[in-house]
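Undergrad: Mind having a look at this structure? Questions to follow.
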Amino acid sequence: MRQRQAIALLALVGLFIAVYLWLHAIGIGGMIKCGASGGCEVVQTSRWAVFLGQPVALYGVVGYFVILIVALAGLRPAAAVQGGWNQLLFGLATIGFVFTLYLTYLELFVIHAICRWCIGSAIIITAIWIVSLLSFKSPGLRTGHEVSPPQRGQPG
């Protein structure tokens, strides 16, 4: 349960970053605040800032929003003992993590500029991926508490 809470909190922070970058990408946010390096502006205005006709930040908004909703849905008491939520969160986090690896590769080796906001988002999705992996792989962590099997002679 605590892992899903952590994932929800991380996804909320990631959502705020993605919305900030998306608003900048569609011209609402003004100049992006990134320090003296200017790397964010270089990355955000590169040809790789658009994927399948949409700003890359929009995919971040959608991805973090979906992860947030799934993590929150997985916090319901009825969902606390269902392992399927962990599998879904791990799958979503893996998609986000792989996409982030691709984008980070582009920043470092193709664009030759680093966006601090993008790195922040990469750290967040990596943390989500690690927490979801641990929750998925460790049976005791799946629900946040151990479920004991019924004892002999007692109703189950």
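The values are calculated or read from the model by the stated rules, or taken from the named source; none is laboratory data. Only a predicted model underlies this, so the values are computations on that prediction, with no experimental measurement involved. For neighbour counting, all protein chains shown are included, and Cβ atoms are generated from backbone atoms with ideal geometry for every residue, glycine included. Please note that ligands, DNA and RNA were not included when accessible areas were found on the heavy atoms of the full protein model with its side chains. Shrake-Rupley method; radii C 1.70, N 1.55, O 1.52, S 1.80 Å.
Undergrad: Return yes when residue 93 is open to solvent by 30 Å² or more (accessible area, probe 1.4 Å) and within 19 Å of residue 7 (Cβ to Cβ) and no when it is not.
TA: Here the answer is no, as residue 93 does not meet what is asked.
Undergrad: Right, here's the next one. Of all residues being more than 15 Å from residue 119 (Cβ to Cβ) and in contact (Cβ under 8 Å) with a residue 60 or more places away in the chain in segment 38-48, which is most open to solvent (accessible area, probe 1.4 Å)? Just the residue, please. Before the answer, list the steps.
TA: First, pick out the residues of segment 38-48 that are more than 15 Å from residue 119 (Cβ to Cβ): 45-48.
Filter once more, keeping what is in contact (Cβ under 8 Å) with a residue 60 or more places away in the chain: 46, 48.
Numbers: 46: 22, 48: 76 Å².
The extreme case among them is 48.
Undergrad: Any chance you could count how many residues in segment 51-102 are over 16 Å from the mean Cα position of the chain (by Cα) and either under 17 Å from residue 15 (Cβ atoms) or aromatic (Phe, Trp, Tyr) (or both)?
TA: Residues flagged as over 16 Å from the mean Cα position of the chain (by Cα) and either under 17 Å from residue 15 (Cβ atoms) or aromatic (Phe, Trp, Tyr) (or both) within segment 51-102 amount to 4.
Undergrad: Under 7 Å between Cβ atoms, at least 6 apart or on separate chains: pull out the pairs that start in segment 49-61 with a residue that is in contact (Cβ under 8 Å) with a residue 40 or more places away in the chain and end on any residue that is crowded, with 19+ Cβ neighbours inside 10 Å and among the polar types (S, T, N, Q).
TA: 60/121
Undergrad: Being crowded, with 22+ Cβ neighbours inside 10 Å and over 16 Å from residue 125 (Cβ atoms), is that true of even one residue in segment 55-76?
TA: Yes: one or more hits.
Undergrad: Output the number of the condition that residue 7 fails; it satisfies all remaining conditions of (1) open to solvent by less than 40 Å² (accessible area, probe 1.4 Å); (2) in a helix (DSSP H, G or I); (3) at pLDDT below 95.
TA: For residue 7, the failing item is (3).
Undergrad: Moving to a separate point now. Here are some conditions: (1) at pLDDT below 95; (2) among the aromatic types (Phe, Trp, Tyr); (3) under 30 Å from residue 23 (Cβ atoms). Residue 129 meets all but one. Which one does it not meet?
TA: (1)
Undergrad: Okay, moving on. Just need a number here: residues in segment 97-119 that are open to solvent by less than 20 Å² (accessible area, probe 1.4 Å) and in a helix (DSSP H, G or I).
TA: Summing the residues that are open to solvent by less than 20 Å² (accessible area, probe 1.4 Å) and in a helix (DSSP H, G or I) in segment 97-119 gives 2.
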